[in-house]
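Every read-out reported here was derived from the displayed coordinates using simple, explicitly stated rules and does not represent laboratory data. Quantities reported herein were computed from a predicted structural model and do not represent experimental measurements.
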Amino acid sequence: MELSLYDTGKKKTGNLSVTDAVFAAEYNEPLIHQVVTAYMAGARAGTKRQKTRAEVSGGNSKPWKQKGTGRARAGTTRGPLWRHGGRAFAARPRNYEQKVNRKSYRAAMRSILSELVRQDRLLVVESLALESHKTRNLASRLRALKLESALLVTDKMDRNLALAVRNIPGVDALEARELDPVSLIHFDKVIATQAALAQLEARLK
């Protein structure tokens with residue numbers, strides 16, 4: 001299949017031939033859901049930790065005698081009902097990682113890219129190089145393209161692009177090798193350079 005190739009001003013300069021297996025794959029929603037869920041789960045820190053009644057300080061002796069005080073009997077001040085007491089079911093560090101094999105991951109990426117093409121959300125440009133690191137230069141280009149939410153994908157990150165994109169809300173830039181399924185579905189438009197698309201195609205064949 002062929003994709004339209006544009007310059008930075010969204011003027012069509014030609015067509016780009018791409019592989020149907022990568023950019024015209026069938027939409028597989030259950031697989032995409034599985035891969036996206038696994039990717040987001042893997043990003044969780046899982047470092048939450050609380051203390052049990054055995055780990056909090058104090059409570060080595062009975063706070064008051066068993067009878068005669070008029071108060072409820074108590075054997076320790078470290079119980080979960082007490083202030084500064086231990087947690088009944090204390091959280092422990094855990095790993096949220098879900099296993100997804102490489103074949104499934106690549107199939108999901110192909111399905112997402114193909115759906116972006118079908119929805120006209122993938123724009124291929126010749127280059128994303130900027131003359132200056134000033135944010136206004138990139139912002140003016142995005143305004144010309146009428147874009148508010150966009151992911152810029154390049155084969156190699158340019159320093160000017162990395163600096164310019166930092167201060168624009170709803171816009172991010174990634175190298176093709178860093179591309180992930182969550183980033184692809186998060187933005188309204190994906191703007192990829194010709195070289196980045198070639199890298200993606202070689203990686204997902």
What percentages make up the Cα-Cα pair-distance distribution of the stretch 49-92 when the bins are 5 Å wide from 0?
6, 25, 26, 19, 13, 7, 3, 1
Percentage of Cα-Cα pair distances in the chain greater than 20 Å, rounded to whole percent?
66 percent
Please compute the contact order of the chain in relative form: average sequence separation of alpha-carbon pairs under 8 Å and at least six residues apart, divided by the residue count, as a percent.
24 percent
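When DSSP beta bridges are limited to those with both residues in the chain, what percentage is antiparallel, rounded to the nearest 5?
Here the antiparallel bridges make up roughly 25 percent for the chain.
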